[in-house]
């Protein structure tokens, strides 16, 4: 059961979790994916992104993934992240909540148009 006191998610948190839903990603890939998924409404600085990732790690919604390759400039290991089971449940709860909101809006729009 996801922690209901964390729902609704902020848009930034939602898009980070969504970015990790299909595959592990390293920080820069998350940054670019969130920008694309949000149609550039969310453009993270690296500091802001890594602060958000730390918070999600602390909540247990994401974890570090193994074998993310090496940084091209420094040769240091890349830190990749993936959803935990709890993170996946939280994302699922938020998607369900959003579906209900859209469903209610569609019902109202149809009723108002009639």
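The values are calculated or read from the model by the stated rules, or taken from the named source; none is laboratory data. Small disclaimer: the values here were computed from a predicted structure and weren't measured. When we count neighbours, we look across all protein chains shown, and the Cβ atoms used for this are built from the backbone with ideal geometry, even at glycine.
The table that follows gives values for the structure above.
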{"read-out": "Failed item, numbered, when residue 17 is tested on (1) crowded, with 16+ Cβ neighbours inside 10 Å; (2) more than 13 Å from residue 92 (Cα to Cα)", "value": "(2)"}
{"read-out": "Flag if residue 58 is in a helix (DSSP H, G or I) and either modelled with pLDDT of 95 or more or out of contact with any helix residue (DSSP H, G or I) (no Cβ under 8 Å at 6 or more places or on another chain) (or both)", "value": "yes"}
{"read-out": "Residue 23 vs. criteria over 11 Å from the mean Cα position of the chain (by Cα) and surrounded by fewer than 18 Cβ atoms within 10 Å (Cβ to Cβ)", "value": "yes"}
{"read-out": "The stretch 35-53 residues that are assigned to a loop (DSSP other than H, G, I, E, B), paired with ones that are surrounded by 13 or more Cβ atoms within 10 Å (Cβ to Cβ) (beta carbon under 7 Å, 6 or more apart)", "value": "38/15; 42/12; 42/15; 42/34; 42/35; 43/35; 44/31; 44/34"}
{"read-out": "Residue match in the stretch 63-78 (condition: outside any helix (DSSP H, G or I) and in contact with a helix residue (DSSP H, G or I) (Cβ under 6 Å, 6 or more places away or on another chain))", "value": "no"}
{"read-out": "In the stretch 21-40, the residues that are in contact with a helix residue (DSSP H, G or I) (Cβ under 7 Å, 6 or more places away or on another chain) and at pLDDT 95 or above", "value": "21, 25, 30, 31, 33, 34, 37, 38"}
{"read-out": "Residues of the stretch 1-14 satisfying the condition of being crowded, with 18+ Cβ neighbours inside 10 Å and part of a helix (DSSP H, G or I)", "value": "13, 14"}
